[in-house]
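Values quoted throughout were computed directly from the atomic coordinates according to the rules given, and no laboratory measurement underlies them. Keep in mind the model is a prediction, meaning the values are calculated, not measured. Here the Cβ positions follow ideal geometry from the backbone for every residue, glycine too, while neighbour counts run over all protein chains shown.
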Amino acid sequence: MTAWLVIAGNERKLAGEGYDDDPSRHYSWDETVPNAADMVRGDVIVLWDTQTLLGLSVIEEVTVGHGSKRTPACPFCGRADVAPRKTMTPVYKCWICKEEFDEPLWKEREVTTYRSRHEAGWVDLHGVLTGAELRALCVKPRSQLSLRRLRWDDFHQAVEKGRMPVPLDIVDTTLEVISGGHRKATVRVRRGQPRFRRTLLDTFGAVCAFTGPAPEQALEAAHLYSYAASGKHHKGGGLLLRRDLHRLFDLGLIAVNPATGALDVAPGLSSYAEYTKLAGQPVAVPLTADHHKWLARHWDMHRPQHA
């Protein structure tokens with residue numbers, strides 16, 4: 001298994017790299033980035049913002065193209081080894097001639113471009129590992145590269161056995177789907193999300209399944225199963241949840257006890273009264289046998305000690 005840790009978010013913007021990233025769907029880079037041609041279909045892509053983990057997925061496709069890139073250069077020596085500094089002034093420093101300046105010399109060059117697509121297997125892991133923990137899990141912990149190799153087995157264990165345990169079965173499932181030639185099916189599930197949400201709204205109304213009536217704009221369609229493992233939206237396989245509760249449910253921090261139908265809140269949320277008060281409360285919408293089936297599987301995955 002080859003896994004890559006890649007920088008996304010505001011950190012790239014601060015560096016003047018104008019990529020159109022959407023971490024949960026696609027990631028862009030070009031030939032000027034070391035290891036540019038090494039990240040390929042079937043690799044695990046782990047995204048962070050240099051401060052915390054954002055999430056991970058499996059690359060379904062890498063599109064190779066051509067474009068132009070505007071890069072800063074030193075106005076004194078003309079070399080491109082310059083970078084903006086976050087707190088110091090002048091903003092730029094040339095690491096070749098050591099000159100400092102506020103406005104660089106901008107140069108345009110033609111480059112080979114790369115763009116991953118990885119939406120089907122996305123797992124939101126925001127905050128599960130810190131930047132320091134991620135650096136320590138790299139093949140070269142002191143690396144400063146935008147694309148750096150991760151020690152996959154160690155990373156996998158850190159996520160599944162850490163302070164906020166999250167199962168990563170979806171990675172293996174997505175790899176099986178991709179290698180089995182079902183890539184279009186996994187993408188179709190994500191693209192059908194608006195219709196899936198509409199169906200849930202028609203069924204339940206604007207009601208969060210965990211807390212009750214809520215503004216429609218605040219509700220998301222939550223799958224009760226891993227959508228990467230299937231090419232369709234399963235009957236009884238979804239509920240409407242507030243965005244924050246959707247994320248906590250995906251992480252297993254909130255689950256539904258299949259024996260009682262009551263909400264179970266993980267100890268990791270004990271300092272948040274808004275969530276702890278949900279413990280033991282019944283689900284706010286009527287559940288079908290299919291809902292119970294999927295919620296039981298979610299329970300078995302995130303509460304194995306009680307299964």
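Computed values, structure above
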read-out: Within region 124-154, trypsin sites (Lys or Arg not before Pro) in DSSP loop having at most 10 other beta-carbon neighbours inside 10 Å; value: 142
read-out: Options (i) 15.3; (ii) 17.9; (iii) 13.6 - which one matches mean projected area of the Cα convex hull in nm² as calculated here; value: (ii)
read-out: From the C-alpha gyration tensor of region 1-147, square roots of 5λ in Å; value: 28, 19, 13
read-out: 3J(HN,Hα) from dihedral phi, region 197-206, Karplus parametrisation 6.51/-1.76/1.60, rounded to Hz, x for glycine, proline; value: 5, 4, 4, 5, 5, 5, 7, 9, x, 7
read-out: Amide H contacts under 5 Å for residue 79, placed H, 5+ residues apart; value: 74
read-out: Hull-based mean projected area of region 100-175, where the convex hull spans the alpha carbons, in square nanometres; value: 8.4 nm²
read-out: GNM flexibility winner over the chain from 115, 242, 85 (Cα, springs under 10 Å); value: 85
read-out: All Cα pairs of region 192-302, percent lying beyond 16 Å; value: 56 percent
read-out: Vicinal HN-Hα couplings computed from phi for region 91-101 (Karplus, 6.51 cos²θ - 1.76 cosθ + 1.60; Hz; Gly/Pro x); value: 5, 9, 9, 8, 7, 9, 9, 6, 6, 10, 6
read-out: Principal-axis tilt of helix 169-179 within the chain, Cα atoms, nearest 10 degrees; value: 70 degrees
read-out: Label point distance in nm, residue 257-residue 2, each placed 7 Å from Cα along Cα→Cβ; value: 4.8 nm
read-out: For the chain, built as a Gaussian network whose Cα springs stay under 10 Å, the top-fluctuating residue of 28, 271, 116; value: 271
read-out: Among 172, 30, 202: highest mean-square fluctuation, GNM of the chain, C-alpha pairs under 10 Å; value: 202
read-out: About the Cα centre, charge dipole magnitude for region 192-302 (Lys/Arg +1, Asp/Glu -1 at Cβ), debye; value: 300 debye
